[in-house]
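Peer 1: Got a structure here, written out as C-alpha cells. Questions coming.
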2 protein chains.
Amino acid sequence: MFDFSSELTKNTSEPLYKILYDNMVKEITSGSIRAGEKLPSKRRISYDLGVSMSTVETVYSLLAAEGYIESKPRSGYYACQMMPLEPIDKNFEKNFSPKPEQPSIYKYQFSTSGIDTDIFPYSTWAKLMKDTIYNGRGLLTRGDSFGDRELREALCAFLHEYRGAQAQSDQIIIGSGIQFLLDRLYYLLPYDSAYAFEDPTYLSAYRTLKEKGANVCSIPLDDAGMRSDKLFESKADIAYVTPSHQFPTGVTMPAWRRRELIAWAQEKEGRYIIEDDYDSEFRYSTRPIPCMQGLTGSDRVIYMGTFSRTIASSLRIAYMILPRHLVDIYKERYGYMTCTVSRFEQQALAKFISSGQYGRHLRRAALLYKQRIQLLTSLISDIPRSTIRGAEAGLHFMLTVPSYTENELIARAAEAGIKIHGLSEYYAGDNCPGSTLVLGFAGLDEAALKDACAILKSAWQA
Amino acid sequence: MFDFSSELTKNTSEPLYKILYDNMVKEITSGSIRAGEKLPSKRRISYDLGVSMSTVETVYSLLAAEGYIESKPRSGYYACQMMPLEPIDKNFEKNFSPKPEQPSIYKYQFSTSGIDTDIFPYSTWAKLMKDTIYNGRGLLTRGDSFGDRELREALCAFLHEYRGAQAQSDQIIIGSGIQFLLDRLYYLLPYDSAYAFEDPTYLSAYRTLKEKGANVCSIPLDDAGMRSDKLFESKADIAYVTPSHQFPTGVTMPAWRRRELIAWAQEKEGRYIIEDDYDSEFRYSTRPIPCMQGLTGSDRVIYMGTFSRTIASSLRIAYMILPRHLVDIYKERYGYMTCTVSRFEQQALAKFISSGQYGRHLRRAALLYKQRIQLLTSLISDIPRSTIRGAEAGLHFMLTVPSYTENELIARAAEAGIKIHGLSEYYAGDNCPGSTLVLGFAGLDEAALKDACAILKSAWQA
C-alpha cells in the first residue's frame, strides 16, 4: 500500500502534496484500498515516504474534505465507500480530434465588429469582477428575470443623462445580446407583424427575423435615413432603424425625419419603431441627437443598445427599453425565464456605470477613435479618386473608389491580404451604389492602419 | 474662473483630486471655460487653490486623456471643443421611482432551485476571472458561435470521463441557460414535432415549448421513469426526459428503460430524445448510470446540462451535445449568431474544469449535500406518518404526509412561515398522488433545516 515513493522523487514541477494526493486518490478509487480499510497513520506515511508531517496533514485534510477518507475519533482514518462522482471511464483517452484552427489568410481586416483591444479597461474590469465575486453571496440565485435592479437603475440613469431616454428602470430588460433581445421581441409583438428594415441594413437583425419566418421588407434610404414616404406606402407594422449612425451608410437621422417616423408609428395601433441606438457613443464633430425613445409621443419606440462596441462584444450584454404598455405583457410571457446574463457581470457593470467609470471610459475611447479616424481619412486621401462618407461618428464609414467595381476592389484587396466588406453585402434591393466599401476601423491600431492603407493604395493603382 | 476653493475645503470623503477634477469638468462643459480658452498654469492652480502640484498634475492628465483639455507644446493647456459624449440633460434628476423590493413573507423556503451559498468557490472563481480578464486581449471579439473551443474541449473530456458521453468537442454548444438552448433546439427540429414530457415534469422546459405553440403531450411515469409503452402509443416525435434524477419524483431511470426509450427513438426518422442530465452530479448511495447519450445507437439523443446546480444559477452557462448529423444544420441556422455566454466566463470555466478544480468542487459539494440529506431525513422521521422518496440522489425529494391534503400541508406550512412546493404543481394529468410535496433542500444550511423541520412538525400536528 502506498508504495509510490518513487513517484515522489521524480523530477517534476508538481508540488509534493499534489503528487501524494493524486496517488492516494488512485489507490482508494481503484480499490487497492478497500472501503472501510484503515489507512496508515499520518506519522507512518510521513516516515515511510520521507515527506513532512505538514504535507501529509494537508493531504489527509483534502481527502477527508472530499469524502475519500473519514476520521474516526481516537481511531484513525478509514477509506470511505467510493464517492458518488467517480470517473465512469477510468482508461479515458481523449477520443476527439478537434478541427484544427484555420489561420487567417488576411493580414488585416477592416472588420465592422472590431474594437480596439488597448482601450478595454482590463484592470478596472478585473477588479470589479473580483470584488463582485468575493462579495457575491447574495448573487448565487437566479435574480430578476428583467435583469438585476442595480444594473437597470444605473443604465436608466445613464441613458437618460446621455441619450435623453425617458423611462423608468422597470421598463429596462437586460439580455445576452441584441440578437437575443430581438428574438424575445419577435414573440412579444403580434406574430403576423411585418418588419421594415433599412436598405442597406445591419444584417444580423435582418437575418434573425427572416429566419424565423417573419414578414420582412426593405425601405430605401435618402440623406436623412429611412425614407418616411416609402415607409408610409409599405405594409410594415414595425420599423427597425439605426438613427444615430446608420449601418452601413453612416447617415445620422436628423430630428425632423425622426419625428416623421414617430408620426408613422402613432398613426395605427400595433405599429412600433425598434430604435437600435448603434454607434451613438462616438461622435467626432457634432453633438449627439437625443434618442427617438425620448421624444414626445414615443410610447411606440422600443429602444435597444449594447455594450459590444463600447466595452467588448465578448461580454454579451445588451438592453432594451420597452414602452410602458408592453412591460406587463413581457413579464407575463417571459417573467418565469431567468435573465441570461451572469449576475456577477451585471453587478460589475452596474458599478462600472454608476461610479462614472463607464462615462470616462467612453470619453477616452471616443478620443482614441477620433484620432484614429482622422489618421485614416488622411491616409485614404492618398488613394486616387477616393471619397469617404459617414465618418462623422461611429466606428465605420463608406469608401468609394470609382476606378474599380466593388468586386474588383475587394478582390484586389484580398489578394494583397486585406479583408474589406462591400456595400452590396448589406443591400436587399437593387439600387446599391457601385464601387463602394464599408470599412470598420476600430480593430486596427495606428501602425496597422498605416500599413493597410499603403497596401490598399498599391493594390488599387489605377 | 475656478473659484471653487470652497469646494475643496468642505469636509468630505472624496479624494481631493476628484473634487478638483469634477469642478473643472463642470466649468468646461458648462461653457464657463470656452472652447479654445487657455487654462491657468498648473503652478497657478496649485497656488491659488492650495493643492499640491502632484494633485494638479494628476487632474490635468486625466482631463487631457479624456479630451476636455489639450496641451500645446511650450504654450500651455487649452479647453477643447466640447466632447462628443456630453450629458444631454444637465439638470438630470432621477425621475424614476423603482418599485420597492417586497421582503419575503417566508422564513424558510424549500426552494427547488436553491444551492448552498457556502459551497460556491468564491476565491477560486474570483481569481480565475481576474486572471482571465488580465490576459484577455484575445477575448474581446465575438468568438466561436458554438462557444469557445477551450470550454467545449474541457467539457467534452469531463462529460466523457464522468458521464460516459460519446462526442467530439464540435458537437458541443454552449448557451446562456437550458431555456435558451431549448429555444434554439425548437427552431432546429421540425416545426410540427410533437414533444412528450414526463408527467409530472420540470415546468420551465414544458412552458418554454408550450408558450411557443409547440405540440406538447404528457406521458405518465412508473418506478422506472417515463413509461415506454405510453410513449410508443403517443404521437410524440421528441421525448424530454430527466433520467438521472427525475424532477420532481426523484426516480432514476434504470438502464433497461433507457434502452427502451432509445429503441423508440430509433424506430422512426425525426424522433429524438432530449436528455436533461439534471442532478446527475450528486448521488449518495449508488453509482451513477452513464448518460443515455453515450449508449449504443444514441445518435438520437440530444444531451443537455447546466452549471446552475453545480456552480451557481447566476452564471447562466449551459451546454448541449448534438448528434453529429444535426451539427451542420445547427451551424447553418445559427452559425452567424454570437455565443450568448461571456467569453471571460467561458475561459474561466474551461480552466476550472480542465485543472481538475471542478471535479474537486463537485466532490466537496456532494459530500456536503449528502450530510444535508442525511440530517434532513432524520429530522423528518420525527414528523408522524411521513415517507420520503427519491432522496438517493440530487437536491430534491418527495415527502408524503397522509394526515393532510397537499393544500393543507402547504397552507399550514405557509402560515408558519415555510414555503414548500406541492407535487400537483408539476402534473399536467390527473393522477397526482395526494398529500405529497417536493422539497428542495440545497438552499438551507443545517441550522435552517433543524429550525424549519421543527416548525413543520408543529404545523403538521395531526
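Peer 1: Taking Cα atoms, how many degrees apart are the long axis of helix B:149-163 and the longest axis of chain B, rounded to 10 and kept between 0 and 90?
Peer 2: Result, in degrees: 30.
Peer 1: Work out the length of the dipole vector of chain B about its Cα centre, built from +1 on the beta-carbon of each Lys and Arg and -1 on the beta-carbon of each Asp and Glu, and round it to the nearest 20 debye.
Peer 2: Values: 54 positive and 55 negative charges, 198 e Å.
The calculation lands at about 960 debye.
Peer 1: Follow-up question, since we're still on this one. By how many nm would the segment from B:Glu269 to B:Asp430 grow when fully extended, if each residue of separation counts as 0.36 nm and the alpha-carbon distance is taken off?
Peer 2: Taking 0.36 nm per residue and subtracting the Cα distance, the gain is 54.8 nm.
Peer 1: Going through region A:122-218, which trypsin sites (Lys or Arg not before Pro) have at most 15 other Cβ atoms within 10 Å and a DSSP loop state?
Peer 2: For trypsin sites (Lys or Arg not before Pro) across region A:122-218 that sit outside H, G, I, E and B with at most 15 neighbouring Cβ atoms in 10 Å, the list reads A:Lys212.
Peer 1: Now a separate question. Largest first and in whole Å, what are the equivalent-ellipsoid semi-axes of region A:108-197 based on the Cα gyration tensor, each being the root of 5 times an eigenvalue?
Peer 2: 27, 23, 15
Peer 1: What is the angle, in °, between the Cα long axis of helix A:178-188 and the longest principal axis of the Cα atoms in chain A? Nearest 10 is fine, range 0 to 90.
Peer 2: 80
Peer 1: Using only the heavy atoms of the protein chains and a 1.4 Å probe, how would B:Tyr122, B:Tyr106, A:Tyr240 rank by accessible area, largest first?
Peer 2: B:Tyr106, B:Tyr122, A:Tyr240
Peer 1: Which of the GluC sites (Glu not before Pro) found in region B:206-306 are loop residues per DSSP with 10 or fewer other Cβ atoms within 10 Å of their Cβ?
Peer 2: Passing both the DSSP loop test and the Cβ count: B:Glu267, B:Glu269.
Peer 1: For region B:138-190, what is the Kirkwood estimate of the hydrodynamic radius, computed as the reciprocal of the mean inverse distance between distinct Cα atoms, to one decimal in Å?
Peer 2: After inverting the pairwise mean of 1/r, the radius is 12.3 Å.
Peer 1: So which aspartates and glutamates can A:Lys127 reach, going by Cα to Cα under 14 Å and dropping same-chain residues fewer than 8 places off?
Peer 2: Of all the aspartates and glutamates, those that pass the test against A:Lys127 - Cα under 14 Å, at least 8 places apart if same chain - are A:Glu345, B:Asp131.
Peer 1: Could you work out [θ]222 nm for chain B from helices alone, using -39500 (n - 2.57) per DSSP H run of at least four and dividing by all its residues? Round to the nearest 500 deg cm²/dmol.
Peer 2: Dividing the helical sum by the residues of chain B leaves -12000 deg cm²/dmol.
Peer 1: What Kirkwood hydrodynamic radius, in Å, does region A:285-369 give when the mean of 1/r is taken over all pairs of distinct Cα atoms and then inverted? Walk me through the intermediate numbers first.
Peer 2: Numbers: mean 1/r = 0.0653 Å⁻¹.
About 15.3 Å, per the Kirkwood formula over Cα pairs.
Peer 1: Run the simple label-point estimate for A:Trp256 and B:Thr286 please: 7 Å along Cα→C-beta, distance reported in nm.
Peer 2: 7.7
Peer 1: Treating only the Cβ atoms of Lys and Arg (+1) and Asp and Glu (-1) as charged, compute the dipole magnitude of the protein assembly as shown about its Cα centre; round to the nearest 20 debye.
Peer 2: 1620
Peer 1: Then there's this: Need the C-alpha centroid separation for region A:430-462 versus region B:267-299, integer Å.
Peer 2: Each part reduced to its Cα centre gives a spacing of 52 Å.
Peer 1: Still on this structure: Counting protein heavy atoms only and a 1.4 angstrom probe, how many square angstrom of accessible surface do chains B and A bury in total, to the nearest 100?
Peer 2: By this definition, chains B and A bury close to 9100 Å².
Peer 1: Additional query: Using protein chains only (no ligands, no nucleic acids) and a 1.4 Å probe, work out which residues of region B:139-165 have their accessible area cut by at least 50 Å² relative to the chain alone.
Peer 2: The answer is B:Leu140, B:Arg142, B:His160, B:Glu161, B:Tyr162 - residues whose exposure falls by at least 50 Å² when every protein chain is included.
Peer 1: Can I get the semi-axes of region B:400-439's equivalent ellipsoid? Compute them from the C-alpha gyration tensor as square roots of 5 times the eigenvalues, in angstrom, largest first.
Peer 2: After diagonalising the Cα gyration tensor, the semi-axes are 18, 11, 7 Å.
Peer 1: A further question on this structure: Roughly how many whole Å is it from the C-alpha centroid of region A:21-55 to that of region A:106-171?
Peer 2: Here the answer is 49 Å between Cα centres.
Peer 1: Okay, next question. How far is A:Tyr134 from itself in the other copies, in nm, if each label sits 7 Å out from Cα along the Cα-Cβ line, shortest first?
Peer 2: 1.3
Peer 1: While we're on this one: Return the inverse of the average 1/r over all pairs of distinct C-alpha atoms in chain A, which is the Kirkwood hydrodynamic radius, in Å to one decimal.
Peer 2: Answer for chain A: a Kirkwood hydrodynamic radius of 26.3 Å.
Peer 1: How large is Rg over Rh for region A:335-415, taking Rg from the Cα atoms and Rh as the Kirkwood inverse mean of 1/r across Cα pairs?
Peer 2: 1.22
Peer 1: On the accessible surface of region A:329-414, probed at 1.4 Å, how many percent belong to carbon and sulfur atoms?
Peer 2: So the carbon and sulfur contribution to the accessible surface is 50 percent.
Peer 1: Let me ask something else about it. Normalise the Cα radius of gyration of region A:28-70 by 2.2 N^0.38 Å (N = residues in it) and let me know the number.
Peer 2: For region A:28-70, the normalised Cα radius of gyration is 1.16.
Peer 1: Further question: Kirkwood-based Rg over Rh for region B:145-274 (C-alpha set), two decimals?
Peer 2: In region B:145-274, Rg relative to Rh is 0.96.
Peer 1: Turning to a different aspect of this structure: Just to make sure I understand: if all protein chains stay in place, what is the order of B:Cys217, A:Cys156 by accessible area at 1.4 Å, largest first?
Peer 2: Per-residue accessible area, sorted high to low, gives B:Cys217, A:Cys156.
Peer 1: Using bins 5 angstrom wide from zero, how does P(r) for region A:223-270 break down, in % of all Cα pairs?
Peer 2: All Cα pairs considered, the percentages come to 5, 21, 33, 23, 14, 3, 0.
Peer 1: Taking loop as defined by DSSP and a crowding limit of 11 other beta carbons within 10 Å, which chymotrypsin sites (Phe, Trp or Tyr not before Pro) in region B:17-50 fit?
Peer 2: Counting only loop positions with at most 11 other Cβ atoms within 10 Å, none of the chymotrypsin sites (Phe, Trp or Tyr not before Pro) in region B:17-50 qualifies.
Peer 1: Would you mind computing, in nm to one decimal, how far apart the modelled labels at B:Glu70 and B:Lys331 are, each placed 7 Å from Cα along Cα→Cβ?
Peer 2: 4.9
Peer 1: Anything over 29 Å Cα to Cα? Flag those among B:Lys130/B:Lys450; A:Lys212/A:Lys235; A:Lys18/B:Lys370; A:Lys18/A:Lys72; B:Lys331/B:Lys351, in the order listed. It would help to have the intermediate numbers written out before the result.
Peer 2: Details: B:Lys130/B:Lys450 38 Å; A:Lys212/A:Lys235 19 Å; A:Lys18/B:Lys370 26 Å; A:Lys18/A:Lys72 24 Å; B:Lys331/B:Lys351 26 Å.
Flagged as over cut-off: B:Lys130/B:Lys450.
Peer 1: Can you tell me the Rg and the Dmax, both Å, for the Cα atoms in the protein assembly as shown?
Peer 2: 30.9, 96
Peer 1: Additional query: Could you compute the FRET efficiency for A:Asp48 and A:Gln357, with r as their C-beta to C-beta distance and R0 at 60 Å, rounded to 0.05?
Peer 2: 0.60
Peer 1: Kindly work out what percent of the DSSP beta bridges joining two residues of chain B are antiparallel, to the nearest 5.
Peer 2: Approximately 60 percent, going by the DSSP bridge assignments.
Peer 1: Oh, and also: Can you tell me the orientation of helix A:255-266 relative to chain A, as the angle in degrees between its alpha-carbon axis and the longest Cα principal axis, to the nearest 10?
Peer 2: Once rounded, the angle reads 80 degrees.
Peer 1: Report the relative contact order of region A:123-201, percent, no decimals, based on alpha-carbon pairs under 8 angstrom and at least 6 residues apart.
Peer 2: Once normalised by length, the contact order is 22 percent.
The values are calculated or read from the model by the stated rules, or taken from the named source; none is laboratory data. Keep in mind that what you see is a predicted model, and the values were worked out from it rather than measured. Virtual Cβ from ideal backbone geometry, glycine too; neighbours counted across all protein chains shown. Quick note on the areas: whole protein, heavy atoms, side chains included, nothing else; ligands and nucleic acids left out. Shrake-Rupley method; radii C 1.70, N 1.55, O 1.52, S 1.80 Å.
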